[in-house]
Structure formats: structure tokens, C-alpha cells
Amino acid sequence: MPGSPAVVMRLVASAYAVAEKAGTIVRKVLHSGELGIVEKTGANDLQTLADRLAQQSICASLSKRFPKITIIGEEDLPSEVIQEDLIETGQSEEILQRSCPPEYSQLKEEEIVVWVDPLDGTKEYTEGLLDNVTVLIGIAYGGKAIAGVINQPFYNYQLGAGTQLGRTMWGMLGLGAFGFQLQEVPGDRRIVTTTRSHSNKLVTDCVDAMEPHEVVRVGGAGNKIIQLVEGKASAYVFASPGCKKWDTCAPEAILHAVGGKLTDMHGNAYRYDASVKHMNSAGVLATLRNHKYYVSRVPQSVLQALKSD
């Protein structure tokens, strides 16, 4: 392949290695037994040592290699010198070998925004529901989520000793998504996945309006999008302003790369420019197929309560 890979391909290749490193950090903190839990805004909004170290690792590693990109992380951390052993310099060779979609081949570092959730599903992490936990690195250009990396640090953890723990998936518009087997929910079954710990009447009314055959309540936005692309759910319905841009950027890119859709409850896309507000204040509705059906079922009460940005 002539010349060096495009900036965005090098960034995705780095983000892949960096997400794997963050996943290792998340596992190490759990195994140490010292989670260092602090409440941010309450008992459902926690931060652990794993959140802090993983974010330091991701942000420092990416900004060292790509000093001009904008990185927005979930955790509000003080500036401090980062330990050298938190820096990841590796890149995924497999991603570097791929051709960049032509529309992104000329992107400059300063045009790119990276949204980081170092540990999505912190509450579940502290409660031992480890399959809900993900590390999310989303890459946006022109306000659009164009690529994403999701690491599941504890994938396969129920299988016990001797199992390869963890996996990393990635996707990019124009290239597709990799690291998992794309599957759809069979036939016309409507399986809705929704929040486990942030429910209220609006959330449950909206889920009921979808007339689901089954409802799955799990933690983590990244985890719910994985359910969509692996055929365990047909829609992720969350009629509440609880989700943030770092929760949805990476999962949205992977979902869109395989033909799915993530919007607010009105069916409008979210923007991921550096200047946008962090809250997804009009809720999240994500599907692999039949997005229009689910948007059409959203009750008027939800649309009135959750105004589009």
C-alpha cells in the first residue's frame, strides 16, 4: 500500500490497542479488590479507580500520538503527570492494513473529536455484573460518529479459568464492523433492551408502547448496542436524558457501520462536535432494523417530556 495510512486509520488502530490496555487496567483493579469507589452525583453515578486509571491511560496514550485531536472523557480528572506504565504505544496491524474510506482519507487531527467512556457500566462493575462492562472510544468528524472501538474486559468471564478473557470490536462507516458475529433477532420478535438502574414511569411507558414480546434490563449503553448487533435484542429504548455523548459515540458508529440506527426519541440524530452539550437529553432509541416502526410507537407524552436538542 503506497504511502503511510491515513490519520484516521492510524487513530482507529491506536484506539484499538489503547482500549485493550484500558480493559487490562479494568480487570487488574477488580482483581486487586481495591475499587476505590466514590459517588459523583449519587449512588447510581459512581466512579472507581478503574474509571480514573483507564481514562488517564486512554487520553494520555492518544494525545501523545495525536496531539491535535480533541479528546472528551467522562471523568473530570485533575491534570497530573501520568505514570509511564499507563501509556500504550501499540497499534492494531490489521486496522493499519485496511484501506481508508475515501471520504475520510484527508482528515486532519484537528478536525477529529474523540469521545471516551473509560468504563461504561460502573455500577454493574461494582456489583459483579461484569458482562455489562465496556470501554468505549468513539471517533467523530463533522459532528458525526464515524468510527468506534468497544472493549469488553470480562467477555467470557462466566466460563471460568483457562478461558480467554475479554474481546475488542471496532467499526467504521464505509468499512463495516469487526470482532463479533453480526446477527439479527429471529423473525418478527420484538425484544427491547432498556436500563437496569435508571428507570422511571416515562422509561417503562415508552418500552410498553413498543409492544415487545420480551424486555431485557441490563447495564451499560455499550453493552446494549452489542445486544443489538449480536441478535439478543431488536431495539434499545431509553426515554430519559441519562445518557451522554461518550456513552453513544462509539456504539453508534459500530451500529451504523452495519446498517443500524441510533437517534433520540424523535428520530433525530445526535451531534458529536466538540462544542455540543454532553447530555443526550432527548433519550436514546437504537435499532439494527425497522427504526421507523420504533420511532412511530414513541408515545406523545415522551415526545413532550424529552425535547430535541
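Structure data summary
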quantity: Segment 144-156, residues that are of a type outside the set (Phe, Trp, Tyr), in a loop (DSSP other than H, G, I, E, B) and open to solvent by 10 Å² or more (accessible area, probe 1.4 Å); calculated: ASN156
quantity: VAL302, sole failed condition from (1) part of a loop (DSSP other than H, G, I, E, B); (2) in contact with a Cys (Cβ under 6 Å, 6 or more places away or on another chain); calculated: (1)
quantity: Boolean, GLU184 is open to solvent by 50 Å² or more (accessible area, probe 1.4 Å) and in contact (Cβ under 8 Å) with a residue 24 or more places away in the chain; calculated: yes
quantity: Residue pairs meeting the criteria (Cβ under 7 Å; at least 6 apart or on separate chains; first more than 15 Å from ALA22 (Cβ to Cβ), in segment 117-138; second of a type in the set (Gly, Ala, Ser)); calculated: LYS123/SER197; LYS123/GLY219; GLU124/GLY219; GLU124/GLY220; LEU129/GLY219; ASN132/GLY121; ASN132/GLY219; ASN132/GLY220
quantity: Residue in segment 209-240 that is surrounded by the fewest Cβ atoms within 10 Å (Cβ to Cβ), counting only those that are more than 30 Å from CYS100 (Cα to Cα) and charged (D, E, K, R); calculated: GLU211
quantity: Flag if MET9 is over 17 Å from the mean Cα position of the chain (by Cα) and either more than 24 Å from TYR141 (Cβ to Cβ) or modelled with pLDDT of 95 or more (or both); calculated: yes
quantity: Within segment 45-138, helices (runs of 4 or more DSSP H) holding 1 or more residues that are open to solvent by less than 50 Å² (accessible area, probe 1.4 Å) and under 21 Å from ASP247 (Cα atoms); calculated: 49-65, 122-127
quantity: Segment 179-198 - residue that is at pLDDT 95 or above and touching a strand residue (DSSP E or B) at 6+ places or on another chain (Cβ under 6 Å) and, of those, nearest to ALA17 (Cα to Cα); calculated: GLY179
quantity: Test: THR204 is without any contact (Cβ under 8 Å) to a residue 40 or more places away in the chain and either touching a Leu at 6+ places or on another chain (Cβ under 8 Å) or surrounded by fewer than 21 Cβ atoms within 10 Å (Cβ to Cβ) (or both); calculated: yes
quantity: Condition met for VAL276 (at pLDDT 95 or above, assigned to a helix (DSSP H, G or I), open to solvent by 30 Å² or more (accessible area, probe 1.4 Å) and β-branched (Val, Ile, Thr)); calculated: no
quantity: Qualifying positions in segment 157-177 - in a strand (DSSP E or B) and surrounded by fewer than 19 Cβ atoms within 10 Å (Cβ to Cβ); calculated: ARG167, GLY176
quantity: Test: residue in segment 241-263 that is surrounded by 19 or more Cβ atoms within 10 Å (Cβ to Cβ), of a type in the set (Ser, Thr, Tyr) and within 28 Å of SER92 (Cα to Cα); calculated: yes
quantity: Residues being assigned to a loop (DSSP other than H, G, I, E, B) and open to solvent by 70 Å² or more (accessible area, probe 1.4 Å) - total across segment 279-299; calculated: 2
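The values are calculated or read from the model by the stated rules, or taken from the named source; none is laboratory data. As the structure is a computational prediction, the values presented were derived from the model and not from experiment. Heads up, the Cβs are rebuilt from the backbone with ideal geometry, glycines too, and the neighbour counts pull from every protein chain shown. Each accessible area value is taken on the protein alone, full model and side chains, heavy atoms only, with ligands, DNA and RNA left out. Shrake-Rupley method; radii C 1.70, N 1.55, O 1.52, S 1.80 Å.
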